[in-house]
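I have placed the structure first, in the form of C-alpha cells, so that the comments after it can refer back to it.
Please treat every number below as a calculation from the coordinates, not as lab data. Remember, predicted model here, so these are calculated numbers, not experimental data. Positions of Cβ are backbone-derived with ideal geometry, glycine not excepted, and every protein chain shown enters the neighbour counts.
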Amino acid sequence: MEKIKSTTVLGILHNGKIALGADGQATMGNTVAKSNVKKIRRLAGGKILAGFAGSTADAFTLIEKFEEKINSYGGNMKRAAIELAKDWRTDRYLRRLEAMMIVANAEEMLIISGTGDVLEPDNNVAAIGSGSMYAQSAALALKKHAPHLTAEEMVKEGLTIAADICIYTNHNLVIETI
C-alpha cells in the first residue's frame, strides 16, 4: 500500500461498537496549512463512517464516489468498497487520486486504497496516514491490556499518542461512533 503523509486516521471495533477518529491537520509540504480539517464523514444516513488520509480534494472525490456506490448497491458497504477499489484502480482519472480511506458500519471495518486493496484489518484495528503505525500500536496495546476502555476511548488515546510523535498529526481530534 502507498504511504500517505499528513494525517492519522484510526478505527477500532471493540465490544460491539465502532469508533473512527482522525486528527485535524492538513499540511502543504512541511507547513501546516490548516489545523481543524474534518476527515471523518457519516454516510448512508449515519450508518457508515468514512475517514480519509491524503489529498483533501482527492479524498472528497473518493468519498462522493463511495457514497454513490453505497446507493447503487443497496447500502452494502463491502460491495460498494470493492466496486470503488476497482474503479479507483482502473479509471484513468480516479487512479491519479492520492488518498486512502477507512470505512466502517456497525459490523465491520475496511481499508480501501487506490492500488485496489480492500482489507479487513486484523484485530479489528485499522489505521492509515503518516501516524498510523503509532496509533495502531497504541490501539492494539489498549485492546490487549485495557479491554475495559470503550472503542472511543481507545481511538482517542491512540490518536493522542500518534499526535505526540508524528509531526504530520495534531491534537485536534474528531471521533465518531456507531
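Worth a mention:
- Positive-end residue of Thr7, Leu62, His171, charge dipole of the chain with Cβ unit charges: Leu62
- Of the residues Val9, Val118, the one with the fewest other Cβ atoms within 10 Å heads the list, and the complete ranking is Val118, Val9.
- Count, lysine Cα pairs under 17 Å in segment 1-78, 8 or more residues apart or across chains: 11
- Spin-label model, His171/Asp122: points 7 Å from Cα along the beta carbon direction are separated by 3.3 nm.
- Total charge dipole magnitude, the chain, about the Cα centre, Cβ charges on Lys, Arg, Asp, Glu only, Debye to nearest 20: 240
- Extending 7 Å from Cα along the Cβ direction at Arg79 and again at Phe60 yields two label points whose distance is 3.0 nm.
- One way to sum up the overall shape of the chain is the equivalent ellipsoid from its Cα gyration tensor, whose semi-axes run 23, 20, 13 Å, largest first.
- Residue among Asn76, Val125, Ala162 farthest towards the positive dipole end of segment 42-178, charges placed on Cβ: Asn76
- Highest average first, the peptides 25-33, 133-141 ordered by how many other beta carbon atoms sit within 10 Å of their residues are 133-141, 25-33.
- Residue-averaged 222 nm ellipticity for the chain, from DSSP H runs of 4+ at -39500 (n - 2.57), nearest 500: -11000 deg cm²/dmol
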